[in-house]
């Protein structure tokens, strides 16, 4: 037994039932900065921060009488070790109880997880910062668009009052100037409304459900009934899957894509095809049209907020539609992209998670033997006994 | 004693901090069916003083209806609404929220505080005129108001 501990590749120690260190291998000695002579016979608490001494002593005694002969220490929280020089560092500890003729011993395997803890801490900090800055951006867009409405309404309303009540007192230039002001205010109003819309596009996880894509598509088409009838658009789709998503937002996504396909069409009849392809566990949903297409160098730009590729005389709109689509696709954990070739129309595709991909089954599919984390060890124990 | 209009004139209290909006509402009400007197106050504290006839508003009439903006300095619209609707002598005055906000949370909160009606101020002047005309028509000719 002593020999075995001495040759372990990871830092290991053997502790007797009184909690005294019987043997520590060289990795363990290096880890804590002691020599063998200094450590042998010491209580194991010498290696942990003094604040946790009492708790550790109780846990140690309990472990000797526990049913389970193996255990990870500190599962779900970080355990700290204390070096000879007083510095503390996070460790992972695996314990095995061994019965011998000299009484029970505990073999401890020790891993210094400073690097891992530091990495996950910095990741946590970054994630928190990102979440905060996202929330601030959301707040900013919302407040800005809200508060901008008020003065804008003043500008546009009083311009209109001027136009209605004083046109006959102004010369042609005066009338034209007011007309420009009214139009500018009207366009700004649309921009602000769109920005407000965009900033409100957020939803919690519990608004996600199983959504048959065909249902979302049908609802989008229903909302666009008059537009579709006016241009006699030919819209067809192949069999479509059920995905995990926010129904209202998926409707919105299809509505924007279909109305774009109809709007940016030079052919006599807009032709729109919706299809779904499997890509690993995900679905790729594509909306293909016979419209005017997008130049290759503009394909990435079209998803930006207020990005327009045409003048207001050519095509109306603020350029928020695809930005909203992008935001919806991304908030569903997917991506969105555009493809367009010469005279081939445009295909917008986005990925969606299948409906059954909820959190629990995913965990179940994880291989039992992956990694050495405490959770997995416990899982494999549960499996073995169950 | 309340200074009551005996000639059928309707007293409207407009709680609105933007003078431009006060003017626009006045303009819109010019075309209303019912003769009305528009009393405008620019913040929540003044609104409550007016309603309770305190300070400079000691002779103020009891309004038949309150048009209340939500974004107000110091005391916001919802706070005033809550005070009106928890005051035994004031709570039967219909309060119409008239605001630029179309935020569903604002709408919900206002009705939770017993607003009688929530109206979004439209951007377009012509639509705003139409909305004021409809408020006038509904509250002063279709609906019956309680005796003051």
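The values are calculated or read from the model by the stated rules, or taken from the named source; none is laboratory data. Note that the coordinates shown come from a computational prediction; the quantities given were computed from them, not determined experimentally. Note that we place each Cβ from the backbone using ideal geometry, even for glycine, and neighbour counts take in every protein chain shown.
Brief remarks follow.
- Top-ranked residue of segment B:97-130 - restricted to ones that are without any contact (Cβ under 8 Å) to a residue 40 or more places away in the chain, within 14 Å of chain A (Cβ to nearest Cβ) and in a helix (DSSP H, G or I), ranked as nearest to residue B:78 (Cα to Cα): B:106
- Restricting B:91, B:133, B:144 to those that are in contact with a helix residue (DSSP H, G or I) (Cβ under 8 Å, 6 or more places away or on another chain), part of a loop (DSSP other than H, G, I, E, B) and surrounded by fewer than 17 Cβ atoms within 10 Å (Cβ to Cβ) reduces the list to B:91.
- Test: residue in segment A:356-369 that is assigned to a loop (DSSP other than H, G, I, E, B), under 30 Å from residue A:215 (Cα atoms), modelled with pLDDT under 90 and touching a helix residue (DSSP H, G or I) at 6+ places or on another chain (Cβ under 6 Å): no
- Some residue of segment A:177-185 being at negative phi, loosely packed, with under 15 Cβ neighbours inside 10 Å and within 14 Å of chain B (Cβ to nearest Cβ): yes
- Any chance residue A:220 is within 18 Å of residue A:317 (Cβ to Cβ), more than 14 Å from chain B (Cβ to nearest Cβ), under 27 Å from the mean Cα position of the chain (by Cα) and modelled with pLDDT of 85 or more: yes
- Criterion (surrounded by 12 or more Cβ atoms within 10 Å (Cβ to Cβ), in a helix (DSSP H, G or I) and within 21 Å of the chain's Cα centre (by Cα)) met by exactly one of A:145, A:120, A:133: A:120
- Residue match in segment B:19-41 (condition: more than 14 Å from chain A (Cβ to nearest Cβ), loosely packed, with under 15 Cβ neighbours inside 10 Å, touching a helix residue (DSSP H, G or I) at 6+ places or on another chain (Cβ under 6 Å) and over 20 Å from residue B:130 (Cβ atoms)): no
- Qualifying position, being assigned to a helix (DSSP H, G or I) and either closer than 20 Å to residue A:10 by Cα or without any contact (Cβ under 8 Å) to a residue 24 or more places away in the chain (or both), among A:30, A:67: A:30
- Checked against (1) touching a helix residue (DSSP H, G or I) at 6+ places or on another chain (Cβ under 6 Å); (2) surrounded by fewer than 19 Cβ atoms within 10 Å (Cβ to Cβ); (3) farther than 20 Å from residue A:305 by Cβ; (4) within 14 Å of chain B (Cβ to nearest Cβ), residue A:157 passes all but a single condition, namely (2).
- Filtered residues of segment B:71-88 (kept if more than 14 Å from chain A (Cβ to nearest Cβ), in contact with a helix residue (DSSP H, G or I) (Cβ under 7 Å, 6 or more places away or on another chain) and assigned to a loop (DSSP other than H, G, I, E, B)): B:74, B:75
- Among the candidates A:166, A:198, residue that is away from chain B (no Cβ under 13 Å), out of contact with any strand residue (DSSP E or B) (no Cβ under 9 Å at 6 or more places or on another chain) and crowded, with 17+ Cβ neighbours inside 10 Å: A:198
- Qualifying residues in segment A:92-102 (those that are in contact (Cβ under 8 Å) with a residue 40 or more places away in the chain and in contact with a strand residue (DSSP E or B) (Cβ under 7 Å, 6 or more places away or on another chain)) - the one surrounded by the fewest Cβ atoms within 10 Å (Cβ to Cβ): A:98
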